[in-house]
């Protein structure tokens, strides 16, 4: 995390692997806070965001993956897959799981702004 952002965070959990849960205290912190629903955003869509979303589901959380609020430096050339839209591919795979909700930011705002959170 860039030092200029630390003032905006109450809790910072540093990770070394794609999943934010792997060998971190994240699960304990969330349990202590009574969190039941996670909204996944962030960087490295096809690694960190995807792994964290699946790991959260495996731990019993309700998971919403906000597809267009994830990002990656990789592209179709990286994976040698012409026309690949990584965010869309990951979002579609998670959606097809039927256990992880996948929304775009506009849908998130419409669905959660006032009623669910």
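Throughout, read-outs are computed from the coordinates displayed, never taken from laboratory work. Values in this document were obtained by computation on a predicted structure and should not be read as measured data. Cβ coordinates were reconstructed from backbone atoms using ideal geometry, including for glycine residues, and neighbour counts include every protein chain displayed.
If you fit an axis through the alpha-carbon atoms of helix 86-96 and take the longest principal axis of the Cα set of the chain, what angle between them do you get, 0 to 90°, nearest 10? So the inclination is approximately 70 degrees. Ratio of Rg to Rh for region 4-117: 0.97 [Cα atoms; Kirkwood radius as inverse mean 1/r over pairs]. The largest-to-smallest principal axis extents of the Cα set in region 5-67 are 27, 24, 22 Å. Among 10-20, 61-71, 81-91, 36-46, sorting by the average number of other beta carbon atoms lying within 10 angstrom of each residue, highest first, gives 61-71, 36-46, 81-91, 10-20. Entry note, region 34-117: relative contact order of 30 percent, from Cα contacts under 8 Å with a spacing of 6+ residues.
With 0.36 nm allotted per residue and the present C-alpha distance subtracted, the residue 74-residue 88 stretch has 3.7 nm of extension available.
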